[in-house]
Amino acid sequence: MPAAPSVPSPRIDPLVLENLFDGEPDLLGHGADLDALRFAGIRSERVDLKGSTILGCEFEDVVADEFSVATSRLSETRFARMGVTLLRMARSVLRDVEFDGGRLGAVEAYDLQGKAVHFRGCRLNYLNLRGSKLADVAFTDCQIDELDLGQATAQRVQFAGTRIGILSLHGGTFTDVDLRGAGLEVVNGASSLRGATISPEQLVGLGPQLAEEAGIRVASTALLNQRGAVNQR
(Lines give C-alpha, C1' and ligand atoms only; values in the text may rest on other atoms or scores of the structure.)
Protein backbone atom coordinates (compact mmCIF):
# COMPACT_ATOMS: atom_id res chain seq x y z
CA MET A 1 0.00 0.00 0.00
CA PRO A 2 1.48 3.37 -0.97
CA ALA A 3 2.32 5.80 1.80
CA ALA A 4 -0.15 8.59 2.52
CA PRO A 5 0.79 11.78 0.68
CA SER A 6 2.56 14.44 2.69
CA VAL A 7 0.65 17.71 2.60
CA PRO A 8 2.38 20.87 3.87
CA SER A 9 0.63 22.29 6.92
CA PRO A 10 -0.37 25.94 7.16
CA ARG A 11 2.44 28.13 8.42
CA ILE A 12 0.83 29.81 11.40
CA ASP A 13 2.81 31.06 14.39
CA PRO A 14 1.16 31.30 17.82
CA LEU A 15 -0.38 34.72 18.36
CA VAL A 16 1.01 36.44 21.46
CA LEU A 17 -0.72 39.61 22.60
CA GLU A 18 0.83 41.42 25.56
CA ASN A 19 0.53 44.79 27.26
CA LEU A 20 -2.84 45.59 25.76
CA PHE A 21 -4.72 48.69 26.91
CA ASP A 22 -8.46 48.58 27.55
CA GLY A 23 -10.23 50.21 24.63
CA GLU A 24 -13.33 52.32 25.02
CA PRO A 25 -16.36 51.44 22.86
CA ASP A 26 -16.48 54.95 21.40
CA LEU A 27 -13.20 54.17 19.57
CA LEU A 28 -15.01 51.59 17.46
CA GLY A 29 -15.97 53.67 14.47
CA HIS A 30 -15.68 53.83 10.71
CA GLY A 31 -12.04 54.21 9.58
CA ALA A 32 -10.58 53.74 13.06
CA ASP A 33 -6.88 53.29 13.75
CA LEU A 34 -6.57 50.76 16.57
CA ASP A 35 -3.26 49.58 18.03
CA ALA A 36 -2.62 47.31 21.04
CA LEU A 37 -6.15 47.61 22.43
CA ARG A 38 -8.49 45.11 24.05
CA PHE A 39 -12.26 45.35 23.75
CA ALA A 40 -14.30 43.01 25.94
CA GLY A 41 -17.91 42.48 26.89
CA ILE A 42 -19.35 44.80 24.27
CA ARG A 43 -23.06 44.56 23.48
CA SER A 44 -24.26 46.49 20.45
CA GLU A 45 -26.64 46.25 17.54
CA ARG A 46 -23.95 47.39 15.10
CA VAL A 47 -20.19 47.86 15.26
CA ASP A 48 -18.88 49.65 12.16
CA LEU A 49 -15.10 49.42 11.68
CA LYS A 50 -15.22 49.51 7.90
CA GLY A 51 -12.01 50.81 6.35
CA SER A 52 -10.08 50.57 9.61
CA THR A 53 -6.50 49.61 10.47
CA ILE A 54 -6.36 47.16 13.37
CA LEU A 55 -2.97 46.07 14.73
CA GLY A 56 -2.25 43.86 17.73
CA CYS A 57 -5.78 44.02 19.16
CA GLU A 58 -8.14 41.61 20.88
CA PHE A 59 -11.93 41.51 20.75
CA GLU A 60 -13.41 39.22 23.39
CA ASP A 61 -17.02 38.34 24.20
CA VAL A 62 -18.45 40.85 21.74
CA VAL A 63 -22.12 40.35 20.90
CA ALA A 64 -23.62 42.28 17.99
CA ASP A 65 -26.22 41.93 15.26
CA GLU A 66 -23.67 43.27 12.78
CA PHE A 67 -19.90 43.66 13.05
CA SER A 68 -18.08 45.18 10.07
CA VAL A 69 -14.37 45.22 9.30
CA ALA A 70 -14.97 45.32 5.54
CA THR A 71 -12.15 46.83 3.46
CA SER A 72 -10.00 46.94 6.61
CA ARG A 73 -6.46 45.82 7.35
CA LEU A 74 -6.06 43.51 10.34
CA SER A 75 -2.78 42.19 11.67
CA GLU A 76 -1.90 40.17 14.79
CA THR A 77 -5.46 40.35 16.08
CA ARG A 78 -7.66 37.86 17.94
CA PHE A 79 -11.44 37.55 18.02
CA ALA A 80 -12.46 35.37 20.97
CA ARG A 81 -15.96 34.10 21.84
CA MET A 82 -17.68 36.43 19.40
CA GLY A 83 -21.45 36.25 19.02
CA VAL A 84 -22.22 38.02 15.76
CA THR A 85 -25.20 37.54 13.47
CA LEU A 86 -23.55 39.20 10.43
CA LEU A 87 -19.78 39.63 10.15
CA ARG A 88 -18.64 41.75 7.21
CA MET A 89 -15.03 41.23 6.10
CA ALA A 90 -15.32 41.61 2.32
CA ARG A 91 -12.20 42.93 0.56
CA SER A 92 -10.25 43.06 3.81
CA VAL A 93 -6.62 42.07 4.34
CA LEU A 94 -5.96 39.71 7.25
CA ARG A 95 -2.54 38.62 8.44
CA ASP A 96 -1.92 36.64 11.64
CA VAL A 97 -5.56 36.73 12.75
CA GLU A 98 -7.34 34.26 15.03
CA PHE A 99 -11.01 33.49 15.55
CA ASP A 100 -11.20 31.54 18.78
CA GLY A 101 -14.58 30.08 19.71
CA GLY A 102 -17.93 31.77 19.42
CA ARG A 103 -20.85 31.75 17.05
CA LEU A 104 -20.84 33.60 13.73
CA GLY A 105 -23.93 33.68 11.55
CA ALA A 106 -23.30 34.89 8.01
CA VAL A 107 -19.71 35.88 7.28
CA GLU A 108 -19.24 38.05 4.19
CA ALA A 109 -15.55 37.56 3.36
CA TYR A 110 -15.55 37.53 -0.43
CA ASP A 111 -12.50 38.97 -2.23
CA LEU A 112 -10.59 38.78 1.04
CA GLN A 113 -6.82 38.39 1.29
CA GLY A 114 -5.95 36.17 4.21
CA LYS A 115 -2.57 34.87 5.36
CA ALA A 116 -1.93 32.96 8.60
CA VAL A 117 -5.59 32.93 9.67
CA HIS A 118 -6.88 30.37 12.18
CA PHE A 119 -10.50 29.55 13.00
CA ARG A 120 -10.60 27.43 16.15
CA GLY A 121 -13.70 25.98 17.79
CA CYS A 122 -16.07 28.26 15.86
CA ARG A 123 -19.63 27.68 14.74
CA LEU A 124 -20.37 29.39 11.42
CA ASN A 125 -23.66 29.29 9.56
CA TYR A 126 -22.38 30.62 6.23
CA LEU A 127 -18.80 31.54 5.33
CA ASN A 128 -18.50 33.26 1.97
CA LEU A 129 -14.86 33.28 0.83
CA ARG A 130 -15.72 33.48 -2.84
CA GLY A 131 -12.94 34.99 -4.93
CA SER A 132 -10.61 35.26 -1.92
CA LYS A 133 -6.86 34.70 -1.87
CA LEU A 134 -5.91 32.47 1.02
CA ALA A 135 -2.55 31.21 2.22
CA ASP A 136 -1.81 29.33 5.45
CA VAL A 137 -5.36 29.10 6.76
CA ALA A 138 -6.55 26.52 9.29
CA PHE A 139 -9.94 25.43 10.55
CA THR A 140 -9.73 23.40 13.76
CA ASP A 141 -12.72 21.80 15.48
CA CYS A 142 -15.20 24.04 13.68
CA GLN A 143 -18.73 23.48 12.45
CA ILE A 144 -19.58 25.21 9.18
CA ASP A 145 -23.05 24.84 7.72
CA GLU A 146 -22.02 26.26 4.33
CA LEU A 147 -18.59 27.23 2.98
CA ASP A 148 -18.20 28.92 -0.40
CA LEU A 149 -14.70 28.74 -1.93
CA GLY A 150 -15.87 29.35 -5.48
CA GLN A 151 -13.30 31.25 -7.60
CA ALA A 152 -10.99 31.34 -4.57
CA THR A 153 -7.24 30.75 -4.69
CA ALA A 154 -6.13 28.72 -1.68
CA GLN A 155 -2.72 27.43 -0.64
CA ARG A 156 -1.88 25.41 2.46
CA VAL A 157 -5.40 25.32 3.89
CA GLN A 158 -6.23 22.62 6.43
CA PHE A 159 -9.43 21.35 8.04
CA ALA A 160 -8.99 19.34 11.24
CA GLY A 161 -11.97 17.97 13.15
CA THR A 162 -14.26 20.24 11.16
CA ARG A 163 -17.70 19.44 9.78
CA ILE A 164 -18.87 21.14 6.60
CA GLY A 165 -22.50 20.84 5.57
CA ILE A 166 -22.24 22.28 2.05
CA LEU A 167 -18.88 22.97 0.39
CA SER A 168 -18.91 24.94 -2.88
CA LEU A 169 -15.75 24.85 -5.00
CA HIS A 170 -16.75 25.98 -8.50
CA GLY A 171 -13.81 27.59 -10.28
CA GLY A 172 -11.46 27.47 -7.30
CA THR A 173 -7.71 27.00 -7.57
CA PHE A 174 -6.23 24.88 -4.79
CA THR A 175 -2.67 23.99 -3.79
CA ASP A 176 -1.96 21.80 -0.76
CA VAL A 177 -5.53 22.07 0.51
CA ASP A 178 -6.01 19.21 2.99
CA LEU A 179 -9.63 18.13 3.40
CA ARG A 180 -8.90 14.79 5.06
CA GLY A 181 -9.86 16.04 8.52
CA ALA A 182 -13.21 17.41 7.35
CA GLY A 183 -16.58 15.77 7.57
CA LEU A 184 -18.12 16.54 4.18
CA GLU A 185 -21.84 16.19 3.53
CA VAL A 186 -22.43 17.91 0.17
CA VAL A 187 -19.74 19.12 -2.24
CA ASN A 188 -20.74 21.37 -5.14
CA GLY A 189 -18.16 21.63 -7.90
CA ALA A 190 -16.32 18.46 -6.88
CA SER A 191 -14.53 18.49 -10.23
CA SER A 192 -12.64 21.58 -9.00
CA LEU A 193 -10.88 19.50 -6.33
CA ARG A 194 -7.64 19.41 -8.33
CA GLY A 195 -4.81 20.32 -5.95
CA ALA A 196 -6.72 19.19 -2.85
CA THR A 197 -6.10 16.04 -0.81
CA ILE A 198 -8.95 13.84 0.38
CA SER A 199 -9.10 10.50 2.17
CA PRO A 200 -10.09 7.18 0.55
CA GLU A 201 -13.33 7.27 2.53
CA GLN A 202 -14.12 10.75 1.22
CA LEU A 203 -13.39 9.58 -2.31
CA VAL A 204 -15.99 6.85 -1.98
CA GLY A 205 -18.54 9.37 -0.76
CA LEU A 206 -17.72 11.87 -3.50
CA GLY A 207 -17.64 9.24 -6.26
CA PRO A 208 -21.25 9.78 -7.44
CA GLN A 209 -20.81 13.57 -7.56
CA LEU A 210 -17.53 13.31 -9.46
CA ALA A 211 -19.10 10.91 -11.95
CA GLU A 212 -22.12 13.13 -12.46
CA GLU A 213 -20.04 16.25 -13.06
CA ALA A 214 -17.81 14.31 -15.49
CA GLY A 215 -20.85 13.04 -17.40
CA ILE A 216 -20.19 9.41 -16.50
CA ARG A 217 -23.19 7.11 -16.19
CA VAL A 218 -22.92 4.58 -13.40
CA ALA A 219 -24.98 1.42 -13.87
CA SER A 220 -25.17 -1.89 -12.09
CA THR A 221 -23.35 -4.87 -13.64
CA ALA A 222 -26.24 -7.16 -12.67
CA LEU A 223 -28.19 -6.46 -15.86
CA LEU A 224 -25.05 -6.86 -17.97
CA ASN A 225 -24.36 -10.26 -16.41
CA GLN A 226 -27.96 -11.29 -16.98
CA ARG A 227 -27.75 -10.38 -20.65
CA GLY A 228 -24.52 -12.33 -20.99
CA ALA A 229 -26.15 -15.39 -19.51
CA VAL A 230 -29.03 -15.09 -21.99
CA ASN A 231 -26.67 -14.80 -24.96
CA GLN A 232 -24.87 -17.99 -23.89
CA ARG A 233 -28.04 -20.07 -24.10
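The values are calculated or read from the model by the stated rules, or taken from the named source; none is laboratory data. In this text, all values refer to a predicted model and were calculated from it rather than measured experimentally. FYI the Cβ positions are ideal-geometry reconstructions off the backbone, even for glycines, and counts take in every protein chain you see.
Taken together, ILE216, ILE144 contain a single residue that is hydrophobic (A, V, I, L, M, F, W, C) and touching a strand residue (DSSP E or B) at 6+ places or on another chain (Cβ under 7 Å), which is ILE144. For segment 40-54, the set of residues classified as part of a strand (DSSP E or B) and surrounded by fewer than 15 Cβ atoms within 10 Å (Cβ to Cβ) consists of ALA40, ARG43, SER44, GLU45, ARG46, listed by residue number. When you check THR77 against the structure, is it under 20 Å from the mean Cα position of the chain (by Cα) and assigned to a strand (DSSP E or B), yes or no? In short, yes. Inspect segment 176-191 for any residue being in a strand (DSSP E or B), basic (Lys, Arg) and at pLDDT 95 or above and give the result as yes or no. No; the residues of segment 176-191 include none that is in a strand (DSSP E or B), basic (Lys, Arg) and at pLDDT 95 or above.
Of ARG103, ARG91, all but one fail to be basic (Lys, Arg), under 16 Å from the mean Cα position of the chain (by Cα) and outside any loop (DSSP other than H, G, I, E, B); the exception is ARG103.
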